[in-house]
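Below is one structure, written out as structure tokens; comments come after it.
The values are calculated or read from the model by the stated rules, or taken from the named source; none is laboratory data. Here the structure is a predicted model, which means the values were calculated and not measured. Please note: Cβ atoms are built from the backbone with ideal geometry, for glycine as well, and neighbour counts cover all protein chains shown. Only protein heavy atoms, including side chains, enter the accessible area calculation; ligands, DNA and RNA are left aside. Shrake-Rupley method; radii C 1.70, N 1.55, O 1.52, S 1.80 Å.
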Amino acid sequence: MRGNLETIVGAMFAGKTSELLKRILWAKHQKKKIIVIKPNIDNRYSNEKIITHNDLSHDCYPMKDWKTALNKFEFEKKNVDMVFLDEIQFMDTSDTLLNIEIILNRGIDVVCAGLDQDSRGKPWETSSMLLGLSDKILKIYGFCNVCGVEATKTYRKEVGGERTQVGAANIYEPRCLKHWEPR
């Protein structure tokens, strides 16, 4: 039987990693065999943990690419019940789609979390493709740093820079549409 794909998306500071941690803890409570992975580019707080902005954490494998992950883990139903992927927007789109499909076809559930848009309001390709393939989707929102209403966008405090700039509150903040502009 095919596994279930769930994707959690939203802007920065919406609680995506917290939501992922909730699912990880529930799976562990149910005695499921799990693998937790994040791309190694996300080294903001720790290299070998997924960590929320309010310092909740869980051990993980910092993946360079899918080839190294496949050498590290045997994604077979006898070994693993669930795979959790954080910061999916930083994972290679084609390799991620291919390997998630293989994992799902082996009866393993996959839960992903990541940004759906960059600070310019453009969709992240990997997140967008996974949303289209997901069996269950959860979009969550933060609160605007200016007015406190629901924030759907990530605002970059400084203009310019590369699309991928790993950071936290030093670089980004959640904003509503009224107080956001692409940067």
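Values computed for the structure shown
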| read-out | value |
| --- | --- |
| Candidates Ile50, Ile41, filtered to the one that is part of a strand (DSSP E or B), within 20 Å of Asp92 (Cα to Cα) and not basic (Lys, Arg) | Ile50 |
| Candidate set from region 88-121 (those that are open to solvent by 20 Å² or more (accessible area, probe 1.4 Å), charged (D, E, K, R) and without any contact (Cβ under 8 Å) to a residue 60 or more places away in the chain); member that is nearest to Arg23 (Cα to Cα) | Glu101 |
| Some residue of region 73-82 being part of a loop (DSSP other than H, G, I, E, B), aromatic (Phe, Trp, Tyr) and touching a residue at least 12 places away in the same chain (Cβ under 8 Å) | yes |
| Pairs with Cβ under 6 Å, 6+ apart, first in region 20-35 and open to solvent by 20 Å² or more (accessible area, probe 1.4 Å), second not β-branched (Val, Ile, Thr) | Lys32/Asp81; Lys32/Met82; Lys33/Asp81; Ile34/Ala27; Ile34/Met82 |
